[in-house]
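Read the structure below first, then the notes.
None of the figures in this text is laboratory data; all of them are computed from the coordinates on show. Quantities reported herein were computed from a predicted structural model and do not represent experimental measurements. Heads up, the Cβs are rebuilt from the backbone with ideal geometry, glycines too, and the neighbour counts pull from every protein chain shown.
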Ligand code: AMP
C-alpha cells in the first residue's frame with residue numbers, strides 16, 4: 001500500500017528523509033485523480049527513472065472556470081489508491097482545499113503568449129490555476145523529476161517554460177498520449193460520455209488519421225487541413241461545437257505549411273463534455 005499523506009508538512013518531511021538520509025531520487029506524478037491508463041503510463045515512467053514515485057491527487061479548483069465542471073469532476077480516492085498500489089507507487093499526496101489554499105491566492109501567473117492562446121482563450125484563468133498548483137506541488141514535494149502527459153500538450157509546454165523561466169530545480173518529463181484500443185485518448189472526463197457520445201468522440205482521433213492521409217497525399221496547407229478536420233468532426237452526431245482546431249509547430253506557434261513534427265490541437269464539445277486532444281504530424285504510418 002502507498003503511504004497516504006494529507007498534509008504538506010508531512011510529505012515534505014517524508015521526502016526530505018528519503019532524499020537526505022537514504023539518497024533516493026523522487027519522481028512526482030501530479031494528477032486530479034480518477035486514475036486511468038494514461039496516468040498509469042506516467043507512473044510507470046517515473047518508476048523506471050526514480051527510486052521513489054509519489055502521485056499527487058488534487059482536483060484544483062483554481063484551474064476551473066466558474067461555469068466549468070469542478071463540481072461534477074469524478075472523484076474516487078479509494079479506487080485511486082488501489083491503482084497506485086497496483087503500480088507500486090510509494091506515496092500518495094492528497095491534500096484538502098484548506099491545505100492547498102488556506103487563503104484564496106492573490107498571486108497571478110501569466111505566461112506571455114502561452115497562457116492566453118488555444119485553451120487559454122477559451123478557459124480564461126485556466127493556466128494561472130495550473131501554474132499556481134504545479135508550483136505549489138513542486139515546492140511542497142521537491143521532486144527530482146515531474147511527469148506530464150502530452151495529452152495536455154499546451155499544459156506541458158506551459159509547465160516546461162515555467163520551470164525554465166524560474167530555474168526550478170526539477171526535470172519535466174513528457175509522456176506520450178495513451179489511447180484506448182479504439183483510439184480515444186484516456187481522460188477522466190470520458191466518464192461523462194454516453195455510449196453514443198463516445199462513438200462520436202472517436203471522430204477526434206479519426207480526424208488525425210484523416211489529416212495524416214491528406215498531408216501524405218501532398219496537401220500541406222494548414223488552413224485546408226484544419227477545414228478537412230472541422231468538416232469531418234462536425235459530421236458526427238452529438239458533436240455540439242468545435243472550440244478550436246489549430247496547427248502549430250512544436251512550440252505552439254501557428255504554421256501555414258505543415259511539416260513533420262508540427263501539432264494538430266483541438267477542443268471539441270461532444271454533448272456536454274469538452275474534450276481536448278492533439279497529434280504530432282508524422283506519427284502515423286499510413
Ligand atoms: P489529469 O488528472 O487529467 O490532470 O492528468 C494528470 C496528468 O496525466 C497530466 O500530466 C496529463 O497530461 C496526463 N494524462 C492525462 N490523460 C493522459 C493520457 N491519455 N495519456 C497520457 N497522459 C495523460
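Distance between the 7 Å Cα→Cβ label points at residue 97 and residue 166: 2.3 nm.
Normalised by the number of residues in the chain, the average gap of Cα pairs under 8 Å and 6 or more apart makes the relative contact order 17 percent. Considering only beta bridges that DSSP places wholly inside the chain, some 50 percent are antiparallel.
With the helix formula -39500 (n - 2.57) applied to DSSP H stretches of n ≥ 4, the chain reaches a computed 222 nm mean residue ellipticity of -11000 deg cm²/dmol. Using the Cβ-Cβ distance between residue 121 and residue 77 with R0 = 51 Å, the FRET efficiency computed as 1/(1 + (r/R0)^6) comes to roughly 0.95.
Quote the relative contact order of the range 100-195 in percent (integer), defining contacts as alpha-carbon pairs under 8 Å separated by 6+ residues. Relative contact order for the range 100-195 comes out at 23 percent.
Average projection, convex hull of the Cα set of the chain: 15.0 square nanometres. Between helix 126-141 and the chain there is an angle of about 30 degrees, using the helix long axis and the longest principal axis of the Cα atoms. The value of relative contact order for the range 1-123, using C-alpha pairs under 8 Å at least six residues apart, is 35 percent.
Extension gain, residue 139 to residue 194, is 15.9 nm, computed as 0.36 nm per intervening residue step minus the present C-alpha separation.
Taking the centroid of alpha carbons for each part, the range 1-58 and the range 71-127 are 15 Å apart. Peptides 219-225, 124-130 ranked from most to least packed give 124-130, 219-225, packing being the mean of other C-beta atoms within 10 angstrom over each peptide's residues. Helix 222-234 and the long axis of the chain differ in direction by around 80°, with both axes built from C-alpha atoms.
What is the helix-to-structure angle for 195-216, meaning the angle in degrees between its Cα long axis and the longest Cα principal axis of the chain, kept from 0 to 90 and rounded to the nearest 10? Roughly 70 degrees, rounded to the nearest 10. Each of 279, 269 was scored by other Cβ atoms within 10 Å of its Cβ. Arranged with the fewest first, they read 269, 279. Exposure proxy ranking for 104, 200, 25, based on other Cβ atoms within 10 angstrom of each Cβ and starting from the fewest, stands as 104, 25, 200. Spin-label model, residue 13/residue 66: points 7 Å from Cα along the beta carbon direction are separated by 4.0 nm.
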